[in-house]
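So the structure is just underneath, and the comments pick up after that.
Throughout, read-outs are computed from the coordinates displayed, never taken from laboratory work. Given the structure is predicted, the values throughout are model-derived calculations rather than measurements. All Cβ positions, even for glycine, are placed from backbone atoms using ideal geometry, and neighbour counts span all protein chains on display.
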Amino acid sequence: MSDASPRHDPFGFGWPNVISVVRIALIPAIVALIVKDTDAARWAAVAIFSVGAASDFLDGYLARRHGMTTATGAWLDPLSDKLLVAIPAVVLSLRGEFPWWATAVIVARELAVTWLRWRLDQRGGVSMPASRVAKFKTVSQLTAVGMAIAPLPSSWDGVVLAVTIVAVVLTVYSGLEYFLTTRHRVAAS
């Protein structure tokens with residue numbers, strides 16, 4: 001990172017990592033707005049959730065564009081993604097607004113893959129970059145949870161359920177891909 005100028009490396013932490021931390025910091029506001037449960041609050045929660053979701057693409061772009069990939073970013077970025085999806089999903093499930101089966105699958109997969117990443121790192125610095133299916137999984141989870149946050153009319157229930165089913169299928173598939181294949185594992189250099 002010798003070419004990283006101060007404008008690309010705030011606080012010695014790097015913009016991509018700062019963005020990941022901000023994404024985590026947005027979660028309490030999203031939860032508070034879900035719990036407030038007015039249409040205006042729910043749309044505000046959707047807006048903040050969408051900013052958090054968009055920031056996931058921004059931090060990855062910045063890290064690659066400016067050569068700012070770090071060991072911290074390798075665990076912080078996926079952690080912030082998982083928390084942004086899982087915590088609102090749990091809150092929505094507690095309120096009866098998102099299916100528990102979907103939340104259970106999402107949380108179980110994220111815990112299992114996080115454990116696998118940790119184990120591989122402990123066994124010699126093997127990293128697991130996100131597979132293409134895992135990227136689609138993230139988008140589908142963000143879409144499903146975002147739609148569940150929104151105060152949509154009941155006529156949308158079928159669409160929200162269909163998107164949730166797609167998200168769960170991709171969640172299971174991508175989780176199995178990580179555990180049953182090795183093509184996405186990269187030895188640390």
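When the chain is fully extended, how far beyond the present Cα-Cα distance does VAL18 get from ASP121, taking 0.36 nm per residue of separation?
Values: separation 103, 0.36 × 103 = 37.08 nm, distance 2.29 nm.
Gain in length upon complete extension: 34.8 nm.
Exposure proxy ranking for ARG23, ARG117, based on other Cβ atoms within 10 angstrom of each Cβ and starting from the fewest, stands as ARG117, ARG23.
Given a Förster radius of 25 Å and the C-beta distance between LEU161 and ALA112 as r, what FRET efficiency does 1/(1 + (r/R0)^6) yield to the nearest 0.05?
On the way: r = 24 Å, r/R0 = 0.98.
Result of the calculation: an efficiency of 0.55.
Annotation for THR38 and ALA150: the two label points, set 7 Å from Cα along the Cα-Cβ direction, are 2.1 nm apart.
The residues packed around THR103, meaning those with a beta-carbon under 14 Å from its beta-carbon, carry a net charge of +1 if Lys and Arg are +1 and Asp and Glu are -1.
Grab the other residues whose beta carbon is less than 11 angstrom from that of VAL168, score K and R as +1, D and E as -1, and report the net. Walk me through the numbers before you get to the answer.
Details: positive: ARG109, LYS137; negative: none.
Taking every Cβ under 11 Å from that of VAL168, the sum is +2.
Full extension of the chain segment joining THR181 with VAL51 gains 43.5 nm, where the gain is 0.36 nm per residue of separation less the Cα-Cα distance.
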